[in-house]
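S.K.: Shown below is the structure under consideration.
The values are calculated or read from the model by the stated rules, or taken from the named source; none is laboratory data. Please read all numbers here as calculations on a predicted model, not as lab measurements. Note that each Cβ is placed from the backbone with ideal geometry, even for glycine, and that neighbours are counted across all protein chains shown. Calculation scope for accessible area: heavy atoms of the full protein, side chains included, ligands and nucleic acids excluded. Shrake-Rupley method; radii C 1.70, N 1.55, O 1.52, S 1.80 Å.
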Amino acid sequence: TFDHWEIFYSDDEGQFTTPGSLAGIEEDATINIYYGNSPFNQPFRLVAYFTDDDAVEIDIANFDEDMIESITIRGTAYEGEAIKTPFNSTSVTFVVITKEGYAINEEEFLSYIQRLYGENSTSGLGFTSTQNADGSTTYQFTLNMRYLENSLTTNQFAVNLYVEED
């Protein structure tokens, strides 16, 4: 659902980091911006923001904190509360760091998702793992939401991590 607009102007290096003002514009208003008319006579980026009312709630169903150092979903640290992602999001990236001596069983993880959400649910899955200097392992996996949304019956998506001793 549309929420509001923000505008950013180009800085000296060409990056759109300088916030502009759209003050006084109602959230549901239609705005017309004419490039070349002040203050829009410089490069700008108009950004639309949307609410997550209809979002998919992603939750981690089963993990042991003694085995997991951290979990991040879409760049947000998972702390036991579901993290929302819009239905139209093309992909969701999870980053899981296991503690030293523990590993994610990739086969069980994939099998779990396929059992719950269908064979096609893992199509386009990206999965990498990196051994860290401190003995922990960083796993990054990206699920293509387009393959999942047709198999979700509610807006709940639970992921079960299969962590075992390495």
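S.K.: Let me confirm something: among Thr93, Thr128, which residue is hydroxyl-bearing (Ser, Thr, Tyr), under 21 Å from Gln156 (Cα atoms), in a strand (DSSP E or B) and out of contact with any Phe, Trp or Tyr (no Cβ under 6 Å at 6 or more places or on another chain)?
M.R.: One residue alone meets the criteria, Thr93.
S.K.: Mind checking which residues of segment 96-109 are of a type outside the set (Lys, Arg) and part of a loop (DSSP other than H, G, I, E, B)?
M.R.: Glu100, Gly101, Asn105 - these are the residues of segment 96-109 that are of a type outside the set (Lys, Arg) and part of a loop (DSSP other than H, G, I, E, B).
S.K.: Within the bounds of segment 100-108, is there any residue that is closer than 15 Å to Glu57 by Cα, open to solvent by less than 40 Å² (accessible area, probe 1.4 Å) and either in contact with a strand residue (DSSP E or B) (Cβ under 6 Å, 6 or more places away or on another chain) or at pLDDT 80 or above (or both)?
M.R.: For segment 100-108, residues closer than 15 Å to Glu57 by Cα, open to solvent by less than 40 Å² (accessible area, probe 1.4 Å) and either in contact with a strand residue (DSSP E or B) (Cβ under 6 Å, 6 or more places away or on another chain) or at pLDDT 80 or above (or both): absent.
S.K.: Among the residues of segment 118-166, write down those that are buried (at least 16 other Cβ atoms within 10 Å of the Cβ) and out of contact with any strand residue (DSSP E or B) (no Cβ under 8 Å at 6 or more places or on another chain).
M.R.: Scanning segment 118-166 gives a single hit, Tyr147.
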